[in-house]
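Here, each number is a calculation from the coordinates, and none is a lab measurement. Given the structure is predicted, the values throughout are model-derived calculations rather than measurements. Positions of Cβ are backbone-derived with ideal geometry, glycine not excepted, and every protein chain shown enters the neighbour counts.
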């Protein structure tokens, strides 16, 4: 057998039927460093404590069952070897995913996650005026397939949902997986509701994303949800203009920088919230003014404005534009 | 008690397709599944789905390849039907929303697969199962049905030769319930976890097959177990045949491309039984590599170039990197055969009907039989959809005219009595340990090559495990998500099925497809061109035999 190391696990234990509060159980095992956390947990279940409860199935990162927190990161247990975790943290703390209520030990109730998935209408929306070709596939070039980016790889493990601070702050936010799935339909040449989908997701949907990219970091399949959310935002603005608080802020931000190379914060507040909205921000405005009186002055163009202009010219050329 | 017209157990591709067909036929449908549908094992299928859509290809060639691949044990009428449905089935899945890989002209891309005369395997990179599962679930999501998600099937209620419903429990609450149904479709997938070294998911425990067997359904051709040639060495994780279809080659420890000695014409793209035996023989005869996890050979993709490997075999690259610490762009992948597919299952006709009225089956849980003694790559995804739909249609038609099911007040009690006994013991055998024991027996005694003494020894040991199982104890007393109880239930199911494999293999004194007897190395069409049928008795499986349906293709020696 391969060389082994002593691995200490601290595992979250909780049974909603009988426990008032969770506890952590400690288990120590000798394991090869490349052993996945899932294999270790199953060994604990088989040899030490058969009541240790977790979801798992394929053990090859394709079924999406075993997402959990490993040393505070959302990971697939089957795809996380113990060696690097031990090297970094000295032990392996295993906890259930966040943003979903715990049923027992490492098993969470995924209903909130699936509700958000259902909300984006996760199916092709067809239009009788554009029937499918009879007895044939819809043509789709490799380039059109490429526009899906990595979204078809999603295994719905919810690691991104667990990692998302916007979900934590606002349970009505669809979360990264649902939005990446939405993107998949918005770029699908067979779908006939691209615009409606973008319009429907804007209020209280798209712009809650904080752009922290924790979802992209957590995703075990490299779906990169935050990048797809960014693409959706750009497409939404293109379809509808800047009509939402979030989109107005984004567009105002972009115009400010194009104009001066730096932010005109007064202007940005007006662009984002509107004149009436500014009234609500007066208290905050006064507090900022006390610390930073120059906020009332219109900022000058920064030095090196020509560089900024080059960046915007490249953007306008569409070189960086999303699909 | 709950009540529906059609209950489908299992929510992989076969179950979902059956449910969709039954819903579309206007029935009240429920799906009972122990996994969320998107977590089904169908999603693990990598390589592709066969359909003779290429201009140079033909349905007849697909039929011939499948008949030959089956080593003439597949029913030719069923295979003809199956191959004719292939094109429309794939097109339908494309219309449902499946994202397939495409050629430069925008048409569905195709790759070469083992045992096929033409490149006819349509794919979605190397995650075709996942792509189909997503597409079908998205389509099914627009229909009305009831989903019992994370429910374990414990029993099938059959009286007077007719099905009346199922008994199951909700993992989340631990509550048992009866679900009355006029017809039931079992689509619970494989039972590869009978083996230790398997590509199958942990959940592949044959629940529906075992429950049907107990209720009197006939199991067919159980001895035919497919070993996939290229499973990752330590973990048994599948490395798709698509890797060889894209040009991957196999080498032994002296760097020899040994397939030239076993299948000089098609080399690595011979059918799976042939390639698996070749790898096994290389290692056994000392020409393989040796390491801490046993003997192996190399699967090389390096010569294909980074771009091709990373774009068409993306999951394989990830699997190899994450699970074996190997980068297939620059390094060979260590592989050895592992249990992969069960050709056998609940015996059905072309419409999914079993010998029990109102009971239907489809997918890997069923045996129609189209795969015969050896399944071709790319035919199993197709089977789930083609026969899932047939079973759903037939179950809907049956439910339309059948009398209401009669559940009795005692059904729930009778069905759950053993489980309650397991949980009330204060001392007894550990079901998880028994599962491991069973797996070791099957790996060692019922593997790629078989002979009489090893099979007899295997049977003896297996029956010893089964005897111990009568005294198991479930330690976990919680009602909430009691995986300990689910584990025990599954182990009991697998023990029933393992016995039918060994008994069938012992009785079949010939070598055909995946069933290779060293003491009977030749195929014996005069005696054995027939299906094995197993029915349960208190003393173990009772075997009988049924003829193979054949139409146009006379048995020939199978050479690749």
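The Rg/Rh ratio for region B:78-140, using Cα coordinates for both the radius of gyration and the Kirkwood hydrodynamic radius, is 0.98. What residues of region B:72-106 lie in the reach of a label at residue A:138, counting those whose backbone N is under 19 Å from a point 7 Å from the Cα along Cα→Cβ? In region B:72-106, the label zone of residue A:138 (backbone N under 19 Å from the point 7 Å along Cα→Cβ) covers B:88-106. Once you sort the root eigenvalues of the Cα gyration tensor of region B:350-440 as a ≥ b ≥ c, which label holds: rounded (a/c under 1.5), prolate (a/b larger than b/c) or oblate (the other case)? Note, shape of region B:350-440 comes out oblate. Per the Debye calculation on region B:269-350 with a single equal scatterer at every Cα and no solvent contribution, log₁₀ I(q)/I(0) for q = 0.13, 0.15, 0.16, 0.17 Å⁻¹ amounts to -0.54, -0.69, -0.76, -0.83. Over all orientations, chain B has a Cα convex hull whose mean projected area works out to 23.9 square nanometres. With R₀ set to 25 Å, the beta-carbon distance separating residue A:306 from residue A:253 gives a calculated FRET efficiency near 0.75. Ordered from longest to shortest, the equivalent ellipsoid semi-axes for region B:434-528 are 33, 12, 10 Å, each the square root of 5 times a Cα gyration tensor eigenvalue.
Label-to-label distance for residue A:43 and residue A:17 is 3.0 nm, based on points extended 7 Å past Cα in the beta-carbon direction.
If the segment from residue A:118 to residue A:281 were pulled out straight at 0.36 nm per residue, it would be longer than the present Cα-Cα gap by 55.1 nm. Bridge orientation summary for chain B: considering DSSP beta bridges with both residues in this region, about 65 percent are antiparallel.
Each Cα pair of region A:151-255 feeds into the Kirkwood radius, which the Stokes-Einstein equation turns, at 37 °C and 0.692 mPa s, into a diffusion coefficient of 238 µm²/s.
Strictly greater than 26 Å: what percent of every Cα pair in region A:1-143 meets that? That tail contains 39 percent of the Cα-Cα pairs. All alpha carbon pair distances within region B:366-522 were sorted into 10 Å bins beginning at 0; the resulting P(r) in whole percents reads 9, 25, 26, 28, 12, 0.
Could you check what % of the DSSP bridge pairs in region A:1-138 are antiparallel, to the nearest 5? Here the share of antiparallel DSSP bridges comes out near 85 percent. For region A:197-274, dividing the convex hull volume of the Cα atoms by the residue count gives 103 Å³ per residue.
Divide the volume of the convex hull around the Cα atoms of region A:48-113 by the residue count and you get 97 Å³ per residue. Here the average projected area of the convex hull drawn through the C-alpha atoms of region A:128-177 stands at 6.0 nm².
Let's test the formula: R0 of 41 Å, r as the Cβ-Cβ distance of residue B:542 and residue B:417. What FRET efficiency results, to the nearest 0.05? E between residue B:542 and residue B:417, to the nearest 0.05, is 0.95. Neighbour counts of C-beta atoms inside 10 Å place A:147, A:153, A:184, A:91 in the sequence A:91, A:147, A:153, A:184, starting with the fewest. What base-10 log of the normalised intensity I(q)/I(0) is obtained for chain A from the Debye formula, alpha carbons as equal point scatterers, at q = 0.11, 0.13, 0.14 Å⁻¹? With one equal scatterer per Cα and no solvent, log10 I(q)/I(0) is -0.87, -1.04, -1.11.
The Kirkwood hydrodynamic radius of region B:200-333, based on inverse pair distances between different Cα atoms, is 16.4 Å.
In chain A, the longest principal axis of the Cα atoms and the axis of helix A:265-280 are about 90 degrees apart. Seen from a random direction on average, the alpha-carbon convex hull of the protein assembly as shown projects onto 39.9 square nanometres. Spread over its residues, the convex hull of the C-alpha atoms of region A:112-210 is 114 Å³ per residue. If the segment from residue B:460 to residue B:556 were pulled out straight at 0.36 nm per residue, it would be longer than the present Cα-Cα gap by 30.9 nm.
Looking at the protein assembly as shown, the DSSP beta bridges with both ends there are about 70 percent antiparallel.
How would you classify region A:227-323 from its alpha-carbon gyration tensor, with a ≥ b ≥ c the square roots of the eigenvalues: rounded for a/c under 1.5, else prolate if a/b is greater than b/c, otherwise oblate?
Oblate, because a/c is 1.5 or more while a/b does not exceed b/c.
Counting beta carbons within 10 Å around each of A:128, B:320, A:72 and listing the fewest first gives the order A:128, A:72, B:320. Anisotropy class assigned to region B:57-175 is oblate, per the alpha carbon gyration tensor with a/c at or over the 1.5 cut-off and a/b no larger than b/c. Among A:219, A:154, the order by Cβ neighbours within 10 angstrom, fewest to most, reads A:154, A:219. Build a GNM of chain A with springs between Cα atoms under 10 Å apart, and of A:73, A:149, A:292 the one that fluctuates most is A:292. How large is the translational diffusion coefficient of region B:335-389 in µm² per second when you combine the Kirkwood radius over alpha carbon pairs with Stokes-Einstein at 20 °C and 1.002 mPa s? In µm²/s, the coefficient is 184.
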